[in-house]
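Quick notes on the structure that follows.
Throughout, read-outs are computed from the coordinates displayed, never taken from laboratory work. Keep in mind that what you see is a predicted model, and the values were worked out from it rather than measured. In this analysis, Cβ positions are derived from the backbone assuming ideal geometry, glycine residues included, and neighbour counts consider all displayed protein chains.
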Amino acid sequence: MKKFYFIAIIAIIAVMSSCKKEDDDETPLPADKIDVSLIPGKWNTGTEYWVFEESSLGKTWDEADDVTEEEAQQLRWEVSGNKFIITHIGEMGEEIPKSYYFTKLTYSTFKLKDEFSGKITTYNRVE
């Protein structure tokens, strides 16, 4: 009987330790908590850079791909409800929209959750 209790306790500990509390960083911010005035600026994550201008235009580049700021891809950005929509503008004028949710937005940091993949990326203000 002692062996049964020991196995039961081990099983309970294993189950409890595998339970993960939902991470607040994964929860999209509600629309009324998104301060659009915090978005304009230069941001980066690793070798990837983003510039969001107050005019809702911007650009992005990745130094790992040997691309400089002068060669950056142009974009438009907007906030619609609680979605952050970035439309990449290709060299031939093609438009490729991507939708994200803010899970964090402060003056120095923001986190975006890709609407399609669910991947969360953290960006830090450079300028």
> When you look at residue 110, is it outside any helix (DSSP H, G or I) and either β-branched (Val, Ile, Thr) or touching an Asp or Glu at 6+ places or on another chain (Cβ under 9 Å) (or both), yes or no?
Replying inline: no
>> Looking for something in contact (Cβ under 8 Å) with a residue 40 or more places away in the chain and not small (Gly, Ala, Ser) - is there at least one such residue anywhere in segment 66-74?
In response: no
> Does residue 101 count as closer than 17 Å to residue 125 by Cβ and aromatic (Phe, Trp, Tyr)?
Replying inline: no
> Taking into account only those residues within segment 62-90 that are among the hydroxyl-bearing types (Ser, Thr, Tyr) and in a strand (DSSP E or B), which is surrounded by the fewest Cβ atoms within 10 Å (Cβ to Cβ)?
Replying inline: 80
